[in-house]
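The values are calculated or read from the model by the stated rules, or taken from the named source; none is laboratory data. Only a predicted model underlies this, so the values are computations on that prediction, with no experimental measurement involved. Cβ placement follows ideal geometry from the backbone for every residue including glycine, while neighbour counts extend to all protein chains displayed.
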Amino acid sequence: MIVSIGGIRIEVRKTGIRTITDSNGSLGFVQDTSFDFKFVRAYFIYDVPTSFERGHHAHKALEQLLICVYGAIEIMCDDGEKKEYTVLDDPSRGLYVGKGIWRTMKWLKDDSVLLVLASEYYDESDYIRDYNEFIRHAKEGYWKR
Ligand code: T46
């Protein structure tokens, strides 16, 4: 989806991961020219119990690409007005999540692994972890600036 809060585009969209497949299997890759943003950090989340939800926050500035490299994970994106659910279950498809999106990640299968490429280094001050604060920021046009 490409959503709009107060006139600016806030994007959540599925994107293809370059993948080379032959009789020996598949190899997916990303590089810094693959997307509109440059990533400086990668992290991966695993050993999450099935049905457990992580996330529950938004970012002030961070842009990220989420790839479920194994298993199945449901991503919920909320722009403050509507929610959209995407199941990531194919390593050749990623989900770009821009700034200003409240997200949760729900593990649908045991052993699922989420790989994330991030546009900034880790900075706790970029997180909005309180939903009411997120809604207030969205309504006040924080991401319009
Ligand atoms: C996001 C979703 C998709 C670090 O020290 N460095 C890091 O690079 C990250 C990502 C986290 N941390 C620390 C911060 C917390 O003490 O690791 C702990 C767990 O982080 P958090 O509870 O934020 O994890 P998730 O799975 O809820 O969210 C993570 C990312 O933090 C977040 O940016 O968009 O994955």
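Annotations for the structure displayed:
- Pairs linking a residue in the range 22-46 that is closer than 19 Å to C68 by Cα and free of Cβ contacts under 8 Å to residues at least 40 places away in the same chain to a residue that is more than 16 Å from the ligand (Cβ to nearest atom) and of a type in the set (V, I, T), with Cβ atoms under 9 Å and 6 or more positions apart or on different chains, are L27/T19; L27/I20; L27/T21; F29/I17; F29/T19; F29/I20; S34/I17.
- When restricted to residues that are within 16 Å of the ligand (Cβ to nearest atom) and part of a helix (DSSP H, G or I), the range 123-136 contains 6.
- Entirely in the range 34-80, the strands (runs of 3 or more DSSP E) that have 1 or more residues that are more than 10 Å from the ligand (Cβ to nearest atom) and within 16 Å of V12 (Cβ to Cβ): 64-70, 73-78
- Top-ranked residue of the range 91-106 - restricted to ones that are in a strand (DSSP E or B) and modelled with pLDDT under 95, ranked as surrounded by the most Cβ atoms within 10 Å (Cβ to Cβ): G94
- Pairing residues of the range 117-145 that are under 16 Å from E63 (Cβ atoms) and among the acidic types (D, E) with residues that are near the ligand (Cβ under 10 Å from one of its atoms) and part of a strand (DSSP E or B), at Cβ distances under 6 Å and at least 6 apart in sequence or on separate chains, gives D126/H59.
- In the range 112-122, the qualifying residues are those that are more than 9 Å from the ligand (Cβ to nearest atom) and assigned to a loop (DSSP other than H, G, I, E, B), and the one that is surrounded by the fewest Cβ atoms within 10 Å (Cβ to Cβ) is E120.
- Among the residues of the range 47-72, those identified as surrounded by 12 or more Cβ atoms within 10 Å (Cβ to Cβ), more than 24 Å from E124 (Cα to Cα) and either without any contact (Cβ under 8 Å) to a residue 60 or more places away in the chain or not hydroxyl-bearing (S, T, Y) (or both) are V69, Y70, G71, A72.
- K109 falls short on exactly one of the conditions (1) surrounded by fewer than 19 Cβ atoms within 10 Å (Cβ to Cβ); (2) assigned to a strand (DSSP E or B), and that condition is (2).
- Any hit, the range 24-34, residues being modelled with pLDDT of 90 or more, polar (S, T, N, Q) and surrounded by 16 or more Cβ atoms within 10 Å (Cβ to Cβ): no
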